[in-house]
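Everything on this sheet refers to the single structure shown next.
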Amino acid sequence: MPADHGPNPVRDDDPKRRPHRRTLDHRAHRHRRGMMGETLDRLAERYHIALGYHELDGSYRTVSEATKIALLEAFGVTADTQEAQSLSLERAPPAEELELRAPSGLSCYEPAILKSRSVWGVALQVYQLRSTRNWGIGDFADLRVAVQLSAAAGAAFVGTNPLHALFPAEPERVSPFFPSNRQFLNPLYIAVDLVPGYKPNMADGPGIEKAREGDLVDYAHVTELKYAALRRVWTAYRAKGDLSADYSHDAFRIWRERAGQNLEKHALFDAIALSRAGGSSGETGGWHAWPEEWHDAQGDTVEAFARENADDVSFHAWLQFIADRQLGEAAETARDAGMAIGLYLDLAVGEAPDGSATWTEPAVAVVGAELGAPPDYFTKAGQNWGLAGLSPAELVARDFGPYRDLMEAVMRHAGAIRVDHAMGVWQLFFIPRGRPAAEGTYVRFPIGEMLGVIAKASEQNEAVVVGEDLGNVPDGFREVMDATNLQSYRILYFERDEDGFRPPDAYPVRSLACLSTHDLPTIEGWWRADDVALRHEFGLIDGEAAEEQNAMRERERRELAGDLARTGLLTREEADAVLARTADDQSALPTGFVAAVHRHLACTASRMAAVRIEDLAGERKPVNLPGTVAEYPNWRRRLGMSLEDLAASDLFAALTEAMRAERPHDK
């Protein structure tokens, strides 16, 4: 997620898992309000804006009139006066009661292998991959190598971070969960040296060597290197005649025509953004900072730019073509290597409000409100993720066409996808722009139709769908997921109750299990409570909370080691030895202990299990520190070793053997 959901009472450092909440009760709200504001309430209900919701402690929070008016206006509905409300009510969609239900007769793709046995895979962030040939950032060629290494070790899939298009005009906007457009890819993942027409003299050799040296991805430097070289390759490509069929001029033309106007507008957006960036006007790569006449993607100013800069627009469309081809080659490598699932791609929950998606189709996105989470016991101010969400009314009006386009784009090369914040197919927490998160409320979506779109795309593309069901999970939602073959998402660190860690057989069969995610510490960092120390260091928790969380972590360490000893994955002596490590022992955890933890993960009933590449490499520092933006190097940290060295490491061998022992490739 772009930001945490906030922890729960069971785990005070759990950023997502929360108890179920009761469903929204509009009738109770109506009873309390009497006839006051009835027209506004009826209008809000037509657009499925919640009049109130239950908080974590069970109390009911009533939504203010100002919030209802602001959200209605964000949906394009005038509601600032009684007269406007009455007129808007006459024009509103027909009253419809949305139900939490599975789509009739439809379910997501479930391959035969998941019906008969359990599989495992490797989860990674593409940008973090090191190799002797990349340009300071992992690329699609590195992904192919990671796929080959993982397949050889017995893995059935390789999962990635979201690969969505970001902002080339603002390379420091690096979060993959804050994309410009989810339908398109980030050209920084292109392996430039493998693009037809590339020659070494087109690259800045010293610049590439410099980019390879750092422990963090220097996005500004990498963007400058890659775009400069790719523009030279584009010139050579246009003149090149001996191209393979997959990369030929005709192949590009046909692909571009099929991609249609969404591609054209995205390419045009990036061309405009780069042309305007870096000047004295202080503009950014997002369209909100552009002059008014540039806000209309169909306007005369934009159309004139498109005509005058047709080659530049074609260049950006070609970048998407190349990225799509290279990602497709990684998917083909997975199939050729015998992976049962292949690439497991990630879909962010929303898009940046000033990116190409909202500029291209402003009516589809709610640009006057932002997604977030309501206040709770631990985050009393609530959370604002800053993302633009889709408009449920506009999706219905367009027969869910934009949502189908999105799902088709994300699943095209996927053997599986992860839907971030899966509850978003039923409800999302919208916050009026410029207001505190506490002034937001939930907006409902027609879940049957939304899941129907996902299920159809899943079946057509033969892609497994995993729903990230962490955080505020409404009663009945997981039952709908199960009925739709939507895999649940379970994190071992959080699978706890009053008795400690849940036993492996308590995990749902239709789920993906993992130790942690990009927002959480590695096993090395978790054991030492580095995440607690970092939260305290950056002012996210006070000293008292840090003491409580450290005490909790001490209990968790003892419980986990005890579980491993009771199940025979460790001897009692080995468990005691790892628990006896002093706080100042900075050496790596014993390989046997880390392997036992992963074997415990592999023993869960979950049909799918994922191992983080950071744990395979023995990394300690986290990828991301939720609650920070520039304070911590989020989404920048590279692996401490290259892919070549990783495959030869003892830890990689031990952990992959542990997974194979419980989930053999040829069982």
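The values are calculated or read from the model by the stated rules, or taken from the named source; none is laboratory data. If you're wondering where the values come from, they're calculated on a predicted model, not measured in any experiment. All Cβ positions, even for glycine, are placed from backbone atoms using ideal geometry, and neighbour counts span all protein chains on display.
Annotations
- Contacts under 7 angstrom Cβ, first residue in the stretch 221-234 being closer than 15 Å to L166 by Cα, partner part of a helix (DSSP H, G or I), 6 or more apart: V222/L188; V222/A211; T223/L188; K226/L188; K226/V192
- Taken over the stretch 442-460, the criterion of being β-branched (V, I, T) and assigned to a helix (DSSP H, G or I) is satisfied by I447, V453, I454.
- Considering (1) of a type outside the set (G, A, S); (2) free of Cβ contacts under 8 Å to residues at least 40 places away in the same chain; (3) surrounded by fewer than 22 Cβ atoms within 10 Å (Cβ to Cβ), the lone condition that L72 does not fulfil carries the number (3).
- Residues of the stretch 404-463 classified as buried (at least 23 other Cβ atoms within 10 Å of the Cβ) and either of a type in the set (G, A, S) or not assigned by TED's automatic domain parsing to the domain that holds H54 (or both), total: 8
- Sole residue being aliphatic (A, V, I, L, M) and either modelled with pLDDT of 95 or more or under 20 Å from V366 (Cβ atoms) (or both), chosen from A102, A3, A28, A95: A3
- Exactly one residue among T301, T333 is free of Cβ contacts under 8 Å to residues at least 24 places away in the same chain and of a type in the set (V, I, T), and that residue is T301.
- Meets criteria (in contact (Cβ under 8 Å) with a residue 60 or more places away in the chain and hydroxyl-bearing (S, T, Y)) for Y237: yes
- Flag for L129 being within 24 Å of M659 (Cβ to Cβ), within 28 Å of the chain's Cα centre (by Cα), among the hydrophobic types (A, V, I, L, M, F, W, C) and assigned by TED's automatic domain parsing to the domain that holds T223: yes
- Cβ-Cβ under 8 Å pairs, at least 6 apart or on other chains, the stretch 553-565 side over 13 Å from I523 (Cβ atoms), far side assigned to a helix (DSSP H, G or I): R558/L579; G562/A575; D563/H600; A565/R572; A565/E574; A565/A575
- Some residue of the stretch 506-519 being surrounded by 14 or more Cβ atoms within 10 Å (Cβ to Cβ), small (G, A, S) and in a loop (DSSP other than H, G, I, E, B): yes
- Single match in R490, R478 (criterion: of a type in the set (K, R), at pLDDT 95 or above, within 20 Å of the chain's Cα centre (by Cα) and surrounded by fewer than 23 Cβ atoms within 10 Å (Cβ to Cβ)): R478
- Matching option when the condition is buried (at least 20 other Cβ atoms within 10 Å of the Cβ), charged (D, E, K, R) and at negative phi, among D585, D563: D563
- Cβ pairs under 6 Å, 6+ apart, first in the stretch 498-523 and farther than 25 Å from N624 by Cβ, second part of a strand (DSSP E or B) and of a type in the set (S, T, Y): P508/S488
- Residues being assigned to a helix (DSSP H, G or I) and more than 33 Å from the chain's Cα centre (by Cα) - total across the stretch 542-580: 11
- Residues satisfying the stated conditions in the stretch 524-559, i.e. among the hydrophobic types (A, V, I, L, M, F, W, C) and either closer than 17 Å to G627 by Cα or surrounded by 18 or more Cβ atoms within 10 Å (Cβ to Cβ) (or both): W526, W527, A529, V532, A533, L534, F538, L540, I541, A545, A546
- Cβ pairs under 8 Å, 6+ apart, first in the stretch 199-213 and exposed (fewer than 14 other Cβ atoms within 10 Å of the Cβ), second among the aliphatic types (A, V, I, L, M) and in a helix (DSSP H, G or I): K199/A236
- Among the candidates A580, A596, residue that is among the small types (G, A, S) and surrounded by 23 or more Cβ atoms within 10 Å (Cβ to Cβ): A596
- The set of residues in the stretch 283-335 that are acidic (D, E) and assigned to a helix (DSSP H, G or I) comprises E292, E293, D300, E303, E308, D311, D312, D324, E329, E332.
- Taking first residues from the stretch 643-661 that are in the same structural domain as F593 (by TED's automatic domain parsing) and among the charged types (D, E, K, R) and partners that are surrounded by fewer than 21 Cβ atoms within 10 Å (Cβ to Cβ) and in a helix (DSSP H, G or I), the Cβ contacts under 7 Å between residues at least 6 apart in sequence or on separate chains come to D650/T591.
- A count restricted to the stretch 360-392 and to residues that are of a type in the set (D, E) and modelled with pLDDT of 90 or more stands at 2.
- Filtered residue count, the stretch 520-541, keeping only those that are assigned to a helix (DSSP H, G or I) and of a type in the set (G, A, S): 2
- Options A610, A605; residue that is surrounded by fewer than 24 Cβ atoms within 10 Å (Cβ to Cβ) and either outside any helix (DSSP H, G or I) or touching a His at 6+ places or on another chain (Cβ under 7 Å) (or both): A605
- Among the residues of the stretch 41-69, just one is among the aliphatic types (A, V, I, L, M), part of a helix (DSSP H, G or I) and surrounded by fewer than 21 Cβ atoms within 10 Å (Cβ to Cβ), namely A66.
- Qualifying residue in the stretch 134-146 (condition: touching a residue at least 24 places away in the same chain (Cβ under 8 Å), surrounded by 15 or more Cβ atoms within 10 Å (Cβ to Cβ) and touching a Pro at 6+ places or on another chain (Cβ under 8 Å)): no
- Selected residue (only one of E574, E524 is in contact with a Gly (Cβ under 9 Å, 6 or more places away or on another chain) and within 19 Å of R620 (Cα to Cα)): E524
- Qualifying positions in the stretch 88-109 - surrounded by 15 or more Cβ atoms within 10 Å (Cβ to Cβ), farther than 30 Å from A437 by Cβ and out of contact with any strand residue (DSSP E or B) (no Cβ under 9 Å at 6 or more places or on another chain): A102, P103, L106, S107
- The residue that is modelled with the lowest pLDDT, counting only those in the stretch 32-71 that are over 21 Å from R435 (Cα atoms) and small (G, A, S), is G34.
- For M423, the stated conditions do not hold, so it cannot be described as part of a helix (DSSP H, G or I), farther than 20 Å from G368 by Cα and over 18 Å from the mean Cα position of the chain (by Cα).
- Selection status of A654, closer than 28 Å to S131 by Cβ, assigned to a helix (DSSP H, G or I) and among the small types (G, A, S): yes
- Within the stretch 239-274, tally of residues that are at pLDDT below 95 and surrounded by 11 or more Cβ atoms within 10 Å (Cβ to Cβ): 2
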